[in-house]
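What follows is a set of notes on a single structure, which appears directly below.
The values are calculated or read from the model by the stated rules, or taken from the named source; none is laboratory data. On a predicted model such as this, the values are computed, not experimentally measured, just so you know. All Cβ positions, even for glycine, are placed from backbone atoms using ideal geometry, and neighbour counts span all protein chains on display.
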Amino acid sequence: MKLRKIMIAMALLLTVSLALFGAGTGEKPAAAKADEPLTGKVSLYASITSIEPIMADFKAKVGVDAEYTRLSTARFISTVLTEYQANKLMADVVQGPLPILEILKEQGVLANYQAKAAEGYPDWAKRDGIYLFGIEYVGLIYNTDLVSKEEAPKRYEDLADPKWKGHIVMANPASHATTISWLVGLKENVFATEAEWMAFVRGLAANEPMFVASFGPTPAPIASGEKKIGISMPKYIVTNAPAPLDYAKLSQPMLGSPRAIAITSDAPNPRAAEAFLEYWLSDGAMGILANDVGEYVLTPGVYPPIPGISETEVIPIRELSDEEIQKWGAEFEKIFALK
Amino acid sequence: MERRHSRLTYTLITIVSLLTVAPVVMLVIGSFSKNLRAFGDFTLSKYIAVYTDPMLVETAGNTLVFVLGSAAFATVLALFLAYLNNRTNIPFKFLFKVLSVVPMMIPHVLFAVSWALLLNPSNGILNMWLQQLFGLAKAPFNIYSMPGMIMVEGLLDLPIAYLIISPAMASFDVSLEESSRVFKGGPMRTLFKITLPVLRPAILAAFILCIVRVLASFAVPSVLGMPGRIYVLSTYIYRTVTMSLIADYGKAAAIGMSILVLSITLIYIYRYYTRFSDKYVTISSRGFKPAVVELRKGKIPLFIMLIIISFILIVLPVLVLLYTSFIPYIMVPNGQAFAAMSLANWRTVISDPISIKSLGNSLFLGIVGATVGSFLSILVAYVIVKVKTKASGFLESISFLSFSFPGIVIGIGFMWFFVRTPLYATIWALFFGYIATYLPYGIRPMTSAFVQIHGSLEESSLVCGASFATTMRRVVIPLLVPGIVSGWVLMATMFFRELSLSVVLSRPGTEVLAVQILRFSEDGQWGKLSALGLIMIFFSTLMVVGVNLIGNRFKPGEAKDRKPA
Amino acid sequence: MQITITGLKKHYHSEGKTIRALDGVNLTIEANKIFTLLGPSGCGKTTLLRCIVGLETPDEGEIKIGDTIVWSNEKNIYVPTEKRELGMVFQTYAIWPHMNVFNNVAYPLQNMKMPKDEIAKRVAKTLKFVQLEGFENRPATRLSGGQQQRVALARALVAEPKVILFDEPLSNLDAKLREETRKELRMFLGELGITAVYVTHDRVEALALSDMIGVMRAGNIVELGTPKKIYFDADHQFVADFIGRANLIPAKVTEETSEHSLVTTAIGSVVCQKRSFDPSDELTLCIRPEFLDFKPASDAINRITGVVEQMVFVGEVYESEIRVGTELIFAKLDPQTTLKEGDHVTFSMKPEHCLLVSR
């Protein structure tokens, strides 16, 4: 008797759920017409942070509201694909790391839009609708109160010096994909041999760095003096000003993952999306990005307000596949595990 | 009576399962699906991948210690505080009300960070101070350790335990204790042989709710555990998700399943041990107001202890927040830091339209959400306690479904579910998601309060010709007020600072405070984060004070003792 | 209002066992009488009461209050408790601790949506009736047990229900107060002249209060009758034993006349009042201690001699045990008696006091 009632309740529930699943497949929005007036708003899904000044400037210049939804790298694909498959993708423009946008492109989420503003960009920055505009550069950030310019590392290898033991903070190299890619990037772009690189990694591990979840929490312990130096992002020197932070000027290039942007194929506001992308890639927007947010951008001659950055070479690293990330993550897990 | 009960039971099962089963079903499907979304070809590979990982064993061990330690710490501390507050003549009782809710209102990440600032082994403020004071060579405490994690997590979960135990303690039938004293039971013996066993349902409820919450907790393990390289299940899941650029939530869901099974087992254990709850009925018409134990000699030391706990729990974190909100970046307090203080962070936050918008949204979700949630919880708690059938047991289990999943995972479940409904990307997705996930926060304090209301109080109302609704409104709910206030406070403060679901479901226009705070923390802007955190604490306090004032008006006994006009 | 109960069954299942709380009860409770359900704990009396009120749902059968069927399994009728228009006094009184006396008593009237001034009048009248005038604003938690009991009664009476039910309402009072309250209750109910159903395990209460008593055992009504009938003239050993102190001696009929039966027992042959029994029934001789005559005429029928084994002085009498053969006879001796333990004693029993009951 009781069991039967539970079954009825569950059946009812199932029916409702199925009805809802059915509701998921609807009509696709009509394609953009070029002669439509530019109205409404534009919605951006982005992994980059602190871009409010750009959104405000866009509204001021173009007259269209720009909404910004922050999606962390870990949530990016699942959110966009889930919405896309339910026909509810609200983003007109998406911004994220290049490999993520490439996966989205494979799934048909992205449009192949030819941006006029990108004409001056190098060819490698234009990939069938995906535009690279900046590099999420990673550097060695130190506390200027505790470490003098002379003491600061001159080469990556210097970080393996035992004098830094117990004074380093970094994102967990066993789980933080960007840090894993960065370490592997050093092997492929900076160190002459794999043995030298491995010596560096082991030396770094021997210095017992403190691990945090991602780059976000790295500047605080350096600024407060809890740690002297960290593997972090130079843009924090700008966003945390006037914290006593500087980046170590190395003889080797700085590395970082390319940042990319693209228009979605079913953009709800296609014309506004195009306008937004054009604006984003323009010198004006990139200037704001560099100056206010401290980002490294590809626009020639535009640099973040960090002394010396214009002389530093910043190169994009190869994106690792998932298998590689997991393999190296496990590898670093072993090297860094101090038992 | 029974018919009405069974109708109510099945209606509630339908409502609650719509809320909680749907996202979990999505996660189950997702964990068996080859693709990255909810639906795809069947595969077992995700289960195999996560459950054959050798790290899982160590993680499980850590999790066990962390979870049991924190839950026990929170429960024991809550018992101690609840006893002092309700049963002794300790002065300044209002401190307890404040004490019990403040950790509910502080964003957990912030709380953990301020402890790192105080007790990190390199330059933790307290550590350095102790080193100077005693001339120690090494820092005496390391917050990046298992005991450190347990202490901070335990403090954060204290309100949950306190708000469940305190109402039960408040309506305790004194004659039970008095009779023990008569039969030569000393105060200690009475406490351990009578008071605690009689309060068992509330204590167990608090302990189990804490366990389930700690299992899902992420802030403390990530802020304090990761630097100490101590992984627990929630950080392990995070690691699984972030190990690749293409985050695989199916795998996370696969790990989540074992936490789910564990949680449901715990609920059944709880039900088993409280199945004769009639034994614990203590409120009847007589002896409503508990007597107060004279503390005599113990009064001063206990009071000092209370002051210390309050200092640690309230003053310290709030001071750290206040301090941080005035400085441009994290600095150790010194002359330089005080010179650099300004209102810049406050100005930025107050003039930020998104912060203002998110404050409005969070207030709406907190107040309206908790009210609707409390109403649903009252009915569910009623069925759980008063209708002891298999169906009511089923209802109790499903009410815990979403709650027992780690936040990172359940958020995705809700996204997979809501995207199929017109609610997606509206404030209502958050609204229903919150209620579904945190339903136990409302149900738990109310069940432990319900257990103590004698059935005849309700039956006599029916005999007097009152409908079920009238009985609820005029008899049951007024008697439940302490439980309802607890449940409302737990829900409202939780909704007000909710992060796990919000970060997945919030969109432009439906921003909420915690997401805004996360944004600041991801940018390393601790100053703005602290300013917004303090604004959050301020409004939480307003809500808590407000509901307590309303609750007091319905308080039984004294308040009704009005002189005839 | 008359209450008619037909074939009422209620079974509980617990840990694999079935408990027959009500095992096919048939009962008619006459209108405007005080009816008591008497029985040991676990006999089903409270379950029966709760079924009448509607707090519990029977498995089978029918309950009719007046002309209204309030429960019928067959006809699928269930009138919920709040629509049955009854009054009830609970064992725990169930006074709502968060309300004052006025609100407790006014509650049923408020549910009837009566105008406020009418409610005030009726409450005042009822409180006066139960002698609680001026207690309107007293919080319920600040009442003594007896006062709470009267509030509970006032609440049950205020809506002037046709039927009022009592679930062991005096069991929480101390002995003296219980006696007083019992008297009051008798008076109140007598004045009101409404149908009252009273559940108790206290035989004195049952005898003192009731117009009719139904004795229950194991989910069945064993016997129904006026207090006198139950006390003096019970048909069953269980009833005779339960209702008052009695000497119960197994007996066998050896001879019958038109008026009397002669039975043999362990204390010898006894002449009893004749009663008809089923031939298969096993019989017991039942003699209440107060009917033993210790100053028997020399020609008295049923003269029996025994030895005083024990004497306990309890004030109004000596409670004593007298050995007759293998049996111990319980007797009440005159407190002024000169008898002492070990003395031989002779007593007699009138045949009309020697009751044959079925075992």
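What the table below lists for this structure:
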| quantity | calculated |
| --- | --- |
| Complete set of residues in the range B:235-257 that are among the hydroxyl-bearing types (Ser, Thr, Tyr) and modelled with pLDDT of 85 or more | B:235, B:236 |
| Matching residues in the range C:65-78 - criterion: being more than 11 Å from every other protein chain (Cβ to nearest Cβ) and surrounded by fewer than 18 Cβ atoms within 10 Å (Cβ to Cβ) | C:66, C:67, C:68, C:69, C:72, C:73, C:74, C:75, C:77 |
| Pick from the range B:39-51, criterion of a type outside the set (D, E, K, R) and touching a Lys or Arg at 6+ places or on another chain (Cβ under 9 Å), ranking: modelled with the highest pLDDT | B:47 |
| Residue match in the range A:137-145 (condition: in contact (Cβ under 8 Å) with a residue 12 or more places away in the chain, assigned to a loop (DSSP other than H, G, I, E, B) and over 25 Å from residue B:229 (Cβ atoms)) | yes |
| Flag for residue C:165 being assigned by TED's automatic domain parsing to the domain that holds residue C:125 and surrounded by 21 or more Cβ atoms within 10 Å (Cβ to Cβ) | yes |
| Number of the condition not met by residue B:50 [criteria: (1) within 14 Å of another protein chain (Cβ to nearest Cβ); (2) in a helix (DSSP H, G or I); (3) surrounded by fewer than 22 Cβ atoms within 10 Å (Cβ to Cβ)] | (3) |
| Set A:213, A:272, A:262: member being among the small types (Gly, Ala, Ser) and over 17 Å from the mean Cα position of the chain (by Cα) | A:272 |
| Answer from C:175, C:156 - the residue that is within 14 Å of chain B (Cβ to nearest Cβ) and either in contact (Cβ under 8 Å) with a residue 12 or more places away in the chain or out of contact with any Gly (no Cβ under 7 Å at 6 or more places or on another chain) (or both) | C:156 |
| Count of residues meeting criterion [over 23 Å from the mean Cα position of the chain (by Cα), facing another protein chain (nearest Cβ under 10 Å) and exposed (fewer than 14 other Cβ atoms within 10 Å of the Cβ)] in the range A:313-339 | 3 |
| Selection count, the range B:332-356, where residues are within 31 Å of the chain's Cα centre (by Cα) and either part of a loop (DSSP other than H, G, I, E, B) or farther than 28 Å from residue B:508 by Cα (or both) | 1 |
| Matching residues, the range C:79-88, being surrounded by fewer than 24 Cβ atoms within 10 Å (Cβ to Cβ) and facing another protein chain (nearest Cβ under 7 Å) | C:80, C:82, C:85 |
| Hits in the range B:381-420 - residues which are farther than 17 Å from residue B:23 by Cβ, within 14 Å of chain A (Cβ to nearest Cβ) and not aromatic (Phe, Trp, Tyr) | B:383, B:387, B:388, B:389, B:390, B:391, B:392, B:393, B:395, B:396 |
| Where a residue in the range B:517-541 is within 7 Å of chain A (Cβ to nearest Cβ) and within 18 Å of residue A:216 (Cα to Cα) and its partner, wherever it lies, is part of a helix (DSSP H, G or I) and modelled with pLDDT under 85, with Cβ under 7 Å and at least six apart | B:521/B:109; B:523/A:239; B:524/A:239; B:525/A:239 |
| Only one of C:187, C:212, C:112, C:216 that is more than 10 Å from every other protein chain (Cβ to nearest Cβ), surrounded by fewer than 17 Cβ atoms within 10 Å (Cβ to Cβ) and among the hydrophobic types (A, V, I, L, M, F, W, C) | C:187 |
| One residue from A:266, A:246 being assigned by TED's automatic domain parsing to the domain that holds residue A:173 and over 29 Å from residue B:237 (Cα atoms) | A:246 |
| Subset of the range C:299-315 (residues that are surrounded by 14 or more Cβ atoms within 10 Å (Cβ to Cβ), of a type outside the set (D, E, K, R) and assigned to a strand (DSSP E or B)) | C:304, C:306, C:308, C:311 |
| Checklist (1) under 30 Å from residue B:195 (Cβ atoms); (2) surrounded by fewer than 16 Cβ atoms within 10 Å (Cβ to Cβ); (3) within 14 Å of chain A (Cβ to nearest Cβ) applied to residue B:336, failing item | (1) |
| Residue count for the range B:451-476, restricted to those that are crowded, with 24+ Cβ neighbours inside 10 Å and either away from every other protein chain (no Cβ under 14 Å) or among the β-branched types (Val, Ile, Thr) (or both) | 3 |
| Residue within the range A:94-113 that is touching a residue at least 60 places away in the same chain (Cβ under 8 Å), more than 10 Å from every other protein chain (Cβ to nearest Cβ) and among the small types (Gly, Ala, Ser) present | yes |
| Matching helices (runs of 4 or more DSSP H) fully within the range B:431-539 where at least 3 residues are of a type in the set (A, V, I, L, M) and under 23 Å from residue B:8 (Cα atoms) | B:455-463, B:477-496 |
| From C:222, C:197, residue being crowded, with 22+ Cβ neighbours inside 10 Å and assigned to a strand (DSSP E or B) | C:197 |
| Residue list for the range C:89-106, filter: facing another protein chain (nearest Cβ under 7 Å) and in a helix (DSSP H, G or I) | none |
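The rows are residues; the columns are (1) out of contact with any helix residue (DSSP H, G or I) (no Cβ under 8 Å at 6 or more places or on another chain); (2) among the aromatic types (Phe, Trp, Tyr); (3) crowded, with 16+ Cβ neighbours inside 10 Å; (4) assigned by TED's automatic domain parsing to the domain that holds residue A:237.
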position	(1), (2), (3), (4)
A:125	no, no, yes, no
A:129	no, no, yes, no
A:147	yes, no, yes, yes
A:150	yes, no, no, yes
A:154	yes, no, no, yes
A:159	no, no, yes, yes
A:163	yes, no, no, yes
A:166	yes, no, no, yes
A:169	no, no, yes, yes
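Quick grid of which residues meet (1) assigned to a helix (DSSP H, G or I); (2) under 30 Å from residue C:221 (Cβ atoms); (3) more than 30 Å from the chain's Cα centre (by Cα); (4) of a type in the set (Val, Ile, Thr):
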| site | (1), (2), (3), (4) |
| --- | --- |
| C:239 | yes, yes, no, yes |
| C:242 | yes, yes, no, no |
| C:262 | no, no, yes, no |
| C:280 | no, yes, no, no |
| C:284 | no, yes, no, yes |
| C:297 | no, no, yes, no |
| C:319 | no, no, no, no |
| C:323 | no, no, yes, no |
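Let's see how each residue does on (1) of a type in the set (Phe, Trp, Tyr); (2) in contact with a Ser or Thr (Cβ under 9 Å, 6 or more places away or on another chain); (3) not assigned by TED's automatic domain parsing to the domain that holds residue C:271:
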| residue | (1), (2), (3) |
| --- | --- |
| C:318 | yes, yes, no |
| C:321 | no, no, no |
| C:328 | no, no, no |
| C:331 | no, yes, no |
| C:334 | no, no, no |
| C:339 | no, yes, no |
| C:352 | no, no, no |
